[in-house]
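Student: Take a look at the following structure, please.
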Amino acid sequence: MRKLKLQMQITVDGYVAGPQGQLDWITFDMDERLLAFINEMIDTSDTILLGRKMTPGFVDYWEDVMGNPRGPEYPFAEKMVRTPKVVFSKTVDHMHGKNVRVENADLGEAVNRLKRQTGKDLIVYGGATFVSSLIDHGLIDELNLFMNPVAIADGMRIFHGRRPLELTRSTSYPCGVVVNAYRPLSA
């Protein structure tokens with residue numbers, strides 16, 4: 001069965017976005033080793049899962065980057081645009097973008113159906129509400145939290161209540177980001 005992997009930026013005080021969804025605290029000056037790890041995460045996945053609220057910005061950003069073939073993000077943008085994206089929503093049944101489809105079925109049933117299909121792993125980038133739902137339903141198999149060297153004191157969280165986790169890997173990078181990989185444990 002395929003795994004669902006989370007890749008998410010987080011502050012040292014546990015927030016994944018500011019109170020209004022701000023991401024101005026994220027370390028964007030990433031070193032080559034961290035960028036290689038990010039590429040490895042998408043290269044070992046063949047489907048991206050997204051929440052409805054995050055999708056327009058995500059899709060627009062990467063499709064806009066495709067307009068500059070000489071830009072430094074172009075090779076990664078190709079992967080983001082080419083990889084099929086499944087958007088989970090209870091309110092819409094269509095969203096614009098290349099390789100985007102909307103899933104309206106029950107979250108647990110739909111994700112487990114995707115996990116049972118053959119292929120590479122699945123990856124989820126967010127947003128906060130969607131990731132919280134995946135965590136609450138016990139659907140994420142590997143949490144890769146990119147801890148940024150900043151505290152913001154208020155904002156959006158993905159954990160609500162106690163969640164026992166096992167640290168499986170921790171890697172620090174010269175840019176100051178520490179990637180902690182966790183496996184959820186049974187409560």
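Student: Is it fair to say Ile135 is on the phi < 0 side of the Ramachandran plot, assigned to a loop (DSSP other than H, G, I, E, B), modelled with pLDDT of 95 or more and buried (at least 17 other Cβ atoms within 10 Å of the Cβ)?
Tutor: Answer is no for this residue.
Student: Another question about this same structure. Residues that are under 23 Å from Thr118 (Cβ atoms) and touching a Lys or Arg at 6+ places or on another chain (Cβ under 9 Å): list the helices (runs of 4 or more DSSP H) wholly contained in segment 1-99 that include at least 1 such residues.
Tutor: 32-43, 74-82
Student: Still on this structure: Mind listing whichever residues of segment 1-48 are among the charged types (D, E, K, R) and either over 24 Å from Gly138 (Cβ atoms) or free of Cβ contacts under 8 Å to residues at least 12 places away in the same chain (or both)?
Tutor: Residues satisfying the conditions are Asp13, Asp24, Asp29, Asp31, Glu32, Arg33, Glu40, Asp43.
Student: Residues of segment 102-132 being over 17 Å from the mean Cα position of the chain (by Cα), part of a helix (DSSP H, G or I) and not acidic (Asp, Glu), which ones?
Tutor: Gly108, Ala110, Asn112, Arg113, Arg116
Student: Another question, if that's okay. Please enumerate the residues belonging to segment 138-170 that are assigned to a strand (DSSP E or B) and surrounded by 13 or more Cβ atoms within 10 Å (Cβ to Cβ).
Tutor: Within segment 138-170, Glu142, Leu143, Asn144, Leu145, Phe146, Met147, Asn148, Met156, Leu165 meet the criteria.
The values are calculated or read from the model by the stated rules, or taken from the named source; none is laboratory data. It should be emphasised that the depicted structure is a prediction, and the values quoted were computed from it without experimental measurement. Positions of Cβ are generated from backbone atoms using ideal geometry, with glycine treated the same way; all protein chains shown enter the neighbour counts.
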